[in-house]
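Worksheet: the structure to be examined is printed underneath.
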């Protein structure tokens, strides 16, 4: 109780400090601090981001109702430089005494250090926003222009300033829009006959539609649309300047008549300008220089090839198969000029990762044709990169890793890229036997290698151009990798191979098809299971003590044996024998059986042969866009090919009724994931972000459960931040497992992000979600999703966070509080552990979604 009173008192003191600060401390007597803007449109208050952004002056930003940055700014002294100089000269001998004792340079440094904090206060803070009549009038004009450009031609905007005696003031803007003007007749006047013919064919897609409200933006977009359509129809010299609009509103009763005017081509000479009808241009020939360098210009070519109408040249020997280069070309000899072909050629050539940004130049011929020259500058054939890392985590006191990578371009003369990388790491385990001097200090190691070949086309025996055109940048990736671990968990060896296709229908959509994905995981140190999953061992140990179990090699309880791991296995066999011991209760039997099933699943070797399809639609226009959505979908199927082959070949099943390949029971399941992210830009660096996720993996056929690597978990810095990773769920079960996972997951997060000052941003968030078992071999009803009533077990976390933007990455710190905890089952689940002692502190890089 005392602690709560202390917290409340501290909060009151802090609040009183900021509210008592004089916000108008730096406001002159004849000035007024802007405290509020009010916009009335047709006598109705409007406060949306579009309207607010039209105002030139806005009140100082507030955090929890307090203009914190203004108060920080006011703490700085306006003339700190002169104050310091006055202090030096206040005593006639002070300046000279300081110079004699130190030096003039050190006295100047003392002055700069005293100014440093003062300048920091000014730059970190925010100067008071003083009402400026001139800016207010400019805001009025902006408001009026906005409404005129959106069809309210009779709009009138005025303003009034309410000035207070305490040097504060508020501005009210009033706009009377009048009746909106509506589009009526839309006609066209086209000078060039060929343009008139083309315009008639594209007119049906016009953005100007009768009976719709007038908007200047639609005229601008229509002009761009007409220009793009014509430039993609062979009109080489056309641009937006040739499209104008004649607008008539006289005597039309609030209606707008528009004449779309498309002028003839303007040909300028030194003395005059003449106009001629536009003409259609075709591509005559395409010349490709495969090894262009600026210093080689003007030199004769040493090698040339003609291929499919293209002419390839090189100052040295041509080092590429012609098809590899021409497949990236959309500018084809003998075809109609299209501006989009140039854009697609740029995009495809950059996707090869073989050349620097290419240069494409059109030259006009006398016969209304174009010659195109494409200059390609190759990147270096080899690129070598080394990455090193030093780390510390819960299993090692220190870890060192090295990750070299070699990139080989154009390895097979078809613009293919081969990447060869390796990883090697060593570490000192946190729980090593410090008394054994023979044990090496670095007793943890991991080594691995990876090969990845990227082919800039679909590697297929079939013709796929009709299905996936080359403008979608199709590519094939083939990868092989292997890793081996020592003294890390169960010491896994992994082998994987992948063959996939990628293609991009447009700049916003991405498709990926994993034709074949093979993963083999072999556990080398199964005996260490209870050394890794110690919570499971502790549960067994408690039951062993409760039933007075006697270890086989001594008259000691389980925790005191010389080999607790072996005794744990012996105890499981004892409990799960043909006859259940009388002293073991049904609940204890269920617990031991659950631990044994989990142990068998996590220690078995995994063989996964799968295929999957992924689709992503990303609406972001650039990295600074804060108003976008991202949708991801993935469907994965595993084991069907092996299961059908096993049946056809008459392969016998093992004792667990499962088919095996290479003595490993392969996995069979179907898995899908749906992920949707939405950001709303609220202005002033204020963003509302939302993420929703649904994932489910159903085992069948040769499997009764999902491999650990394919299951879902909840909690962590990018999930429900009130729980640490793997610590939430499944369902409302009170599990003590180190790694909780299941095959169904629901998640929803909402986060409000706002700027505090400078590059420091804050966030308030709510995370909801959980994992459950469904249609697998788990029988615990608390961990199983049975029907919609299981949704009551969705965990809710809430919290606050700080983000510091370093431009190239964002450092993130979040505090999550357990708001609704389903593990309390039939008890009150709300706010039981809602305090800093039970909070989860998360550190991450970049935003969680």
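Annotations
- Filter result for the condition that a residue is free of Cβ contacts under 8 Å to residues at least 40 places away in the same chain, assigned to a strand (DSSP E or B) and surrounded by 14 or more Cβ atoms within 10 Å (Cβ to Cβ), over 765, 813: 813
- Members of the stretch 640-696 found to be surrounded by 17 or more Cβ atoms within 10 Å (Cβ to Cβ) and in a loop (DSSP other than H, G, I, E, B), listed by number: 658, 659, 667, 668
- Single match in 362, 320 (criterion: surrounded by fewer than 16 Cβ atoms within 10 Å (Cβ to Cβ) and either more than 33 Å from the chain's Cα centre (by Cα) or farther than 13 Å from residue 285 by Cα (or both)): 362
- Where residue 735 falls short, out of the listed (1) at negative phi; (2) touching a helix residue (DSSP H, G or I) at 6+ places or on another chain (Cβ under 9 Å); (3) at pLDDT 90 or above: (3)
- Pair list, Cβ < 9 Å and 6+ apart or interchain, from the stretch 20-32 residues that are more than 12 Å from residue 166 (Cβ to Cβ) to residues that are loosely packed, with under 14 Cβ neighbours inside 10 Å and at pLDDT 75 or above: 26/127
- Within the stretch 729-773, the set of residues being closer than 16 Å to residue 792 by Cα and more than 24 Å from the chain's Cα centre (by Cα) comprises 729, 730, 731, 732, 733, 734, 772, 773.
- Condition check for residue 176: over 29 Å from residue 31 (Cα atoms), touching a helix residue (DSSP H, G or I) at 6+ places or on another chain (Cβ under 8 Å) and either assigned by TED's automatic domain parsing to the domain that holds residue 30 or in contact (Cβ under 8 Å) with a residue 40 or more places away in the chain (or both): no
- Selected residue (criterion: nearest to the chain's Cα centre (by Cα)) from residues of the stretch 484-512 that are closer than 14 Å to residue 617 by Cα and part of a loop (DSSP other than H, G, I, E, B): 508
- Any chance residue 721 is in a loop (DSSP other than H, G, I, E, B), assigned by TED's automatic domain parsing to the domain that holds residue 749 and touching a strand residue (DSSP E or B) at 6+ places or on another chain (Cβ under 6 Å): yes
- Selection count, the stretch 591-640, where residues are more than 33 Å from the chain's Cα centre (by Cα) and free of Cβ contacts under 8 Å to residues at least 12 places away in the same chain: 1
- Of the residues making up the stretch 238-265, those that are more than 15 Å from residue 216 (Cβ to Cβ) and under 40 Å from the mean Cα position of the chain (by Cα) number 3.
- Residue check for residue 557: modelled with pLDDT under 95, surrounded by 15 or more Cβ atoms within 10 Å (Cβ to Cβ) and more than 30 Å from residue 332 (Cα to Cα): yes
- Residues of the stretch 325-339 include none that is in contact with a helix residue (DSSP H, G or I) (Cβ under 6 Å, 6 or more places away or on another chain), in a strand (DSSP E or B), in contact (Cβ under 8 Å) with a residue 12 or more places away in the chain and surrounded by 15 or more Cβ atoms within 10 Å (Cβ to Cβ).
Let's see how each residue does on (1) farther than 20 Å from residue 369 by Cα; (2) touching a residue at least 12 places away in the same chain (Cβ under 8 Å); (3) outside any helix (DSSP H, G or I):
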position	(1), (2), (3)
271	yes, no, yes
275	no, yes, yes
287	no, yes, yes
299	yes, yes, yes
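Here is a yes/no grid of residues against (1) touching a strand residue (DSSP E or B) at 6+ places or on another chain (Cβ under 6 Å); (2) more than 26 Å from residue 146 (Cβ to Cβ); (3) modelled with pLDDT under 95; (4) not assigned by TED's automatic domain parsing to the domain that holds residue 265:
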position	(1), (2), (3), (4)
191	no, yes, yes, no
201	no, yes, yes, no
205	no, yes, yes, no
214	yes, no, no, no
223	yes, no, no, no
229	no, yes, no, no
233	no, yes, no, no
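The values are calculated or read from the model by the stated rules, or taken from the named source; none is laboratory data. As the structure is a computational prediction, the values presented were derived from the model and not from experiment. Positions of Cβ are backbone-derived with ideal geometry, glycine not excepted, and every protein chain shown enters the neighbour counts.
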